[in-house]
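Report on the following structure.
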Amino acid sequence: MNTIKRLIFLLSINFCAAQSINGVVKDSLTGKAIAYANILLKNGKGTYSDELGSFKLKVKNVHTDTLKVSTIGYQSKLIPVNVFKNNLTYEVLLAPKTEGLDEVLISSKKLKYGKKEILGEQRDGNQSVTSLIGYETAVLIENLKNKTGKVKRVYINLKNRKDAEYIATFNVKFYQFDSIANAPGELLYNENIYVHPKNKKYKLWVNVEDLGIPFPENGMCVGVEMVNTHGKVKKYAYFGPMYRYTFTEDKTLQTWSNYHNSGWRRGAIDYKNPKRTKVGFLNPMIGVEVEYLLE
């Protein structure tokens, strides 16, 4: 009998622990709201803060779960969920990063550049895939010439999604390629770059020439994060546009995915076509136009 009572007691605790938490993300120095910050629970559920920095999230167990809040330009923060109180809004204060990226970017603008080249997957692809809100897709842009330069433009090959109920916002990011971890490494540009795509078949070009983003000798990774800037939408709502993918038999990992900044995972899609005896990978057609330094 005591065992039954104990089980009922434990179940009642877990039931009571399930609740919604409310928060607002702000800059710790200025108090300014931080829009579209990544909000991630330890159990994997995530969301974004809205344009006012506010967020609301359902939590199954406030006693054991942890919240991770992160965005470019700020130090990430881990918060035990049990600090959130019912019906009260908890202030999440993020400290700005003080890395020396700005000095590198400013000095790179004074250098002289010459030959331009477009790099990345440019072949036609008939496959199209919709990434989910909260996911970032990153691709490797190889630097076969091993020459330094800067990024002028980024392109993303897109295709319309006919059943899309909303249009996502893209957040474009640039990373060093970490050859040891075989994944995107440190950021090359320390600010979010939000882009509003159209839900149609076309090549979206994003001009970043004035940002002074360096193109390293060992290449770089370009990431595109699909962000919901519409606020609250119905569950499992369809977002557009879709990424266009191309086929390759190359076994080298070229694509990664990252859900609400939880960590990089393999992002290439396995492809098998028995009719054409093709076996390989599908990678999104994302690339850059670079300008090399004059020697």
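Observations on the structure shown:
- Modelled FRET efficiency - R0 25 Å, Glu209 with Glu142, Cβ distances, 0.05 increments: 0.75
- Among the listed pairs Lys45/Lys68; Lys45/Lys200; Lys145/Lys201; Lys60/Lys235; Lys26/Lys97; Lys32/Lys56, those with a Cα-Cα distance over 22 Å are Lys45/Lys200; Lys145/Lys201.
- Calculated FRET efficiency for the pair Asn22/Lys115, C-beta based, R₀ 51 Å, to 0.05: 0.45
- Approximating the spin labels as points 7 Å out from Cα along Cα→Cβ, the Thr89-to-Val129 distance works out to 3.8 nm.
- Förster radius 22 Å - calculated FRET efficiency between Tyr236 and Asn160, Cβ distance, rounded to 0.05: 0.65
- Nonlocal amide H pairs with Thr148, under 5 Å, H built at 1.01 Å: Leu293
- Amide H to amide H, with H built 1.01 Å from N, Leu188 comes under 5 Å of Phe174, Tyr175, Gln176, counting only residues 5 or more places away or on other chains.
- Relative to one another, the C-alpha centroids of the range 201-264 and the range 156-182 are positioned 2 Å apart.
- Distance between the 7 Å Cα→Cβ label points at Gln75 and Thr30: 1.9 nm.
- Interchain or long-range residues, amide H under 5 Å from Gln127's placed H: Tyr245
- In sequence order, calculated HN-Hα J values of the range 225-231 (Karplus, 6.51, -1.76, 1.60; Hz; x Gly/Pro): 9, 8, 10, 8, 10, 8, x
Each reported figure results from applying straightforward, stated rules to the coordinates on display, with no laboratory input. The structure presented is a predicted model; accordingly, all values stated were derived computationally and were not measured. Methodologically, a virtual Cβ is constructed for each residue, glycine included, from the backbone with ideal geometry; neighbour enumeration extends over all protein chains shown.
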